[in-house]
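Single-structure report; data block below.
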Amino acid sequence: MNTAASAVQPGHLYVVATPIGNLGDLSPRALDVLRGVDAICAEDTRNSAGLLSHFGVKKPLLALHDHNEEQVAAGLVARIAGGDSLALVSDAGTPLVSDPGFRLVRAVREAGLPVVALPGPCAAIAALSISGIPSDRFLFVGFLPAKASQRRAALEELAAEPATLLLYESSHRIADCAADLATVLGTRRVCIARELTKLFEQSAVMSAAELPAWIAADAHREKGEFALVVEGAPKREALSGGADVERILRVLVRELGASQGSKLAAEITGMKKRELYEMSLGFGGAAQD
């Protein structure tokens, strides 16, 4: 029999994934653990109180967020060492995935105490699963910088990454983020997933260059929480010493334009100018001449 009492062991930390929208996605095991632990560490106790109330769970809630985690972790470890069982939840989805909890989990591990995962909803993985973009290798990026110049620079650094990229974005910045994706990544495929598991869930796949127009076509497409799945860079020839051809080409094209940049890149890399020029056409924001 799987009861709340049998689901929870003393002196354990349980990392519990909670729904990102649809409350039906909370697993029976997760519910058993939340009912059986001594207390629940929550990113926002008000938000988690609503979730727990829906399921009739009455447990003490302990605030654990970016601003206090370092200070409260030692006390929570002491409670676990003393035999208490604690659960860790975030506002939605899997804790530690763009959410607090890393410091606590590390502290519990360093104390030699057990940490148990209760897997479940995660917006990034959900978006990846419906994108049709390669999923054999991916890099979770989370939120890009809020400032435009820093966001563009971050995308430039990621442009040569062959793994699929998983991004999060807010409604306030999705249009600007889409414009930067179009400029930097051009023809790369992007899956934009909005409000996953919620009433107005929507997803679409297109090139990065098409993304700004798609968002602008309907005001509703700027609303909600977003997960973006971005196709990785095609494999490129690498220079001896590990320097990346595409990275060199991007810099030269940005400064000199496509024709002159490709010519100089050909001299540096030994590759054919025509091949490099065709590669530059996929950069989206490159100066073409």
For this session: Please tell me if Ile133 is open to solvent by 30 Å² or more (accessible area, probe 1.4 Å) and at pLDDT 95 or above.
Result: no
For this session: Being in a loop (DSSP other than H, G, I, E, B) and under 20 Å from Glu231 (Cβ atoms) narrows it down to one of Ile133, Ile192, Ile215, so name that one.
Result: Ile133
Exercise. Is there a residue being surrounded by fewer than 16 Cβ atoms within 10 Å (Cβ to Cβ) and at pLDDT 95 or above anywhere in the stretch 176-185?
Worked result: no
Exercise. Is at least one residue of the stretch 33-56 without any contact (Cβ under 8 Å) to a residue 24 or more places away in the chain, surrounded by fewer than 19 Cβ atoms within 10 Å (Cβ to Cβ) and not in a helix (DSSP H, G or I)?
Worked result: yes
For this session: Go through (1) open to solvent by 20 Å² or more (accessible area, probe 1.4 Å); (2) among the small types (Gly, Ala, Ser); (3) modelled with pLDDT of 95 or more one by one and return the number of the condition Ala238 breaks.
Result: (3)
Exercise. Residue check: is Arg173 of a type in the set (D, E, K, R) and open to solvent by 40 Å² or more (accessible area, probe 1.4 Å)?
Worked result: yes
Problem set entry | Flag for Arg254 being out of contact with any Lys or Arg (no Cβ under 8 Å at 6 or more places or on another chain), part of a helix (DSSP H, G or I), surrounded by fewer than 17 Cβ atoms within 10 Å (Cβ to Cβ) and at pLDDT below 85 | no
For this session: Could you please let me know if Val15 is touching a residue at least 12 places away in the same chain (Cβ under 8 Å) and within 25 Å of the chain's Cα centre (by Cα)?
Result: yes
Exercise. If you go through the stretch 76-88 one residue at a time, do you hit one that is touching a helix residue (DSSP H, G or I) at 6+ places or on another chain (Cβ under 8 Å), surrounded by 16 or more Cβ atoms within 10 Å (Cβ to Cβ), of a type in the set (Lys, Arg) and assigned to a helix (DSSP H, G or I)?
Worked result: no
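The values are calculated or read from the model by the stated rules, or taken from the named source; none is laboratory data. Values in this document were obtained by computation on a predicted structure and should not be read as measured data. Neighbour counts run over all protein chains shown; Cβ positions are idealised from the backbone, glycine included. We work out accessible area using only protein heavy atoms, side chains counted, and drop any ligands, DNA or RNA first. Shrake-Rupley method; radii C 1.70, N 1.55, O 1.52, S 1.80 Å.
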